[in-house]
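A quick write-up on the structure given underneath.
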Amino acid sequence: MKEIKGFSYHKLGRRFVCKYKDGAWEKGKLTRRANVVLNESACVLQYAQTCFEGLKAYRTEDGHVVCFRPDLNETRLADSCRRMRMPTLPEGMFLDAVKRVVLANEKHIPDAASGGSLYLRPYVFGTNAVIGVKPASEFQFRVFATPVGSYFHGGVSPLRIRISDFDRAAPHGTGHIKAGLNYAMSLYAITDAHEKGYDENLYLDAATRTYLEETGGANVIFITKDNTLVTPKSDSILPSITRRSLLYVAEHYLGMKTEERKIALSEIGEFTECGLCGTAAVISPVGTIDDHGREVHYAMDDFENTVIAKLYHTLLDIQHGKIEAPEGWIVKIK
Ligand SMILES: *Cc1c(COP(=O)(O)O)cnc(C)c1O
């Protein structure tokens, strides 16, 4: 198999599809059909009624195929569905669909040594025609897979991010669920950031624009001088599974203190390290935050000597079975 590099879509042989109609989910099945055929007025097309998840299946060194904490993806998808007025899945369907898609595409799971994995994308969307604004009454749940390479293929290079003048999520809005609409409105901001030489936008709280939230697709973590892991607390941040796992690892494996609290923009100069966390990269180090010309630098160039690198390697070793995982974190598919 040729080595997959980077994070992009590769069409594989099989995906899972399950339809919801007349108030019930059908059984669902694997299909070879990658294209979705919808009515022109489908609710997902007109009113963006859709949400998704992202998780990885990967090979461990002893030859098993596993997933990391898929129960949290299942719960989060249910939370997203409820907030989007979509039906939740029957008990067990999420993990069963994930397993079937992984096994059906098993030959595309990268080798353990490559650092690659099979990225899984479960999603739910409203399919029937609506024109007056209301939720759909018919839906599809799908899971497809695409192989992805190691995120740090060309080595680790710290990101340069900016404080965004755009907002990501309103108070009492949808920032805490994984809805496509949160990404649609970030596309302008991310393109603008890239054009101006930044890797990402760090968003502020929309109500007061004084506290840090997160970037477009990752939560942010900081390390203080006295070795405490600090991460923003807000109702409009997406509850990252990676971030929640890192907090546990910091406390229970590395003996660090952790704080989930409001972090003011004015504090960013007081931290010694910064990173972004999410399933794709686990942690990406941040070298610079630019707040409208005021640049704050973090010494992340010598990545292997940072506290964040220690967190990164510990979580990676837990994921890959080199260190014992907390009960239930690693789910064996094969
Ligand atoms: C998916 C996502 C994350 C990362 O969550 P993980 O569960 O760690 O992958 C962070 N922020 C946003 C906005 C997201 O959509």
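Shown for region 22-169: the carbon plus sulfur share of the solvent-accessible area, taken with all protein chains present and a 1.4 angstrom probe, equals 48%. How tilted is helix 70-83 with respect to the longest principal axis of the chain? Cα atoms for both, answer in degrees (0 to 90, nearest 10). On a 0 to 90 degree scale, this one is about 70.
Centre-to-centre separation between the Cα atoms of region 227-264 and those of region 167-209: 21 Å.
Helix 93-104 versus the longest principal axis of the chain: what angle, 0 to 90°, nearest 10, using Cα atoms? It works out to around 90 degrees.
Sequence-distant contacts, meaning Cα pairs under 8 Å at least 6 residues apart, place the relative contact order of the chain at 19 percent.
I'd like to check one number: the per residue accessible area of the chain, probe 1.4 Å, reported in Å² as a whole number.
48
Of the beta bridges in region 166-274, as assigned by DSSP with both residues counted there, near 55 percent are antiparallel.
Given the peptides 141-150, 318-327, 208-217, arrange them by the average over their residues of other C-beta atoms within 10 Å, most packed first. Walk me through the numbers before you get to the answer.
Numbers: 141-150: 21.3, 318-327: 15.2, 208-217: 18.7.
Taking the mean over residues of other Cβ atoms within 10 Å, the ranking is 141-150, 208-217, 318-327.
Pair-distance distribution of the chain: all C-alpha pairs, bin width 10 Å, starting at 0; shares per bin in whole percent are 5, 24, 33, 26, 10, 1.
Treating only the Cβ of Lys, Arg, Asp and Glu as charged (+1, +1, -1, -1), what charge dipole size does the chain show about its Cα centre? Round to the nearest 20 debye.
Working: 42 positive and 41 negative charges, 347 e Å.
Taking the Cα centre of the chain as origin, the dipole is about 1660 debye.
When the surface is traced with a 1.4 Å probe over the full set of protein chains, VAL156 keeps roughly 50 Å² accessible. Within straight cross-link reach of LYS27, meaning Cα distance under 16 Å, which lysines are found once same-chain residues fewer than 8 apart are removed? Cα-Cα hits under 16 Å: LYS19, LYS99. Region 65-137 and region 275-334 have their alpha-carbon centroids 24 Å apart. Quick one: accessible surface of TYR58, probe radius 1.4 Å, all protein chains present, in square angstrom to the nearest 10. Accessible area of TYR58: about 10 Å². Think of region 268-334 as having a plus end and a minus end, set by charges on the Cβ of Lys, Arg, Asp and Glu; of SER284, THR314, MET300, THR314 sits farthest toward the positive end of this dipole. For region 201-334, averaging the sequence separation of C-alpha pairs within contact (under 8 Å, six or more residues apart) and dividing by the residue count gives a relative contact order of 21 percent. Remark: relative contact order (region 74-186) = 25 percent; criterion is Cα-Cα distance under 8 angstrom and separation of 6 or more residues. For the chain, the longest principal axis of the Cα atoms and the long axis of helix 241-252 meet at an angle of about 50 degrees. Rounded to the nearest 500, the helix-only mean residue ellipticity at 222 nm of the chain stands at -6000 deg cm²/dmol, with each DSSP H run of n ≥ 4 adding -39,500 (n - 2.57).
The values are calculated or read from the model by the stated rules, or taken from the named source; none is laboratory data. Quick caveat: nothing in here was measured; it's all calculated off a predicted structure. Backbone-built Cβ (ideal geometry, glycine too); neighbour counts: all protein chains shown. Accessible surface areas use protein heavy atoms only, side chains included; no ligands, DNA or RNA. Shrake-Rupley method; radii C 1.70, N 1.55, O 1.52, S 1.80 Å.
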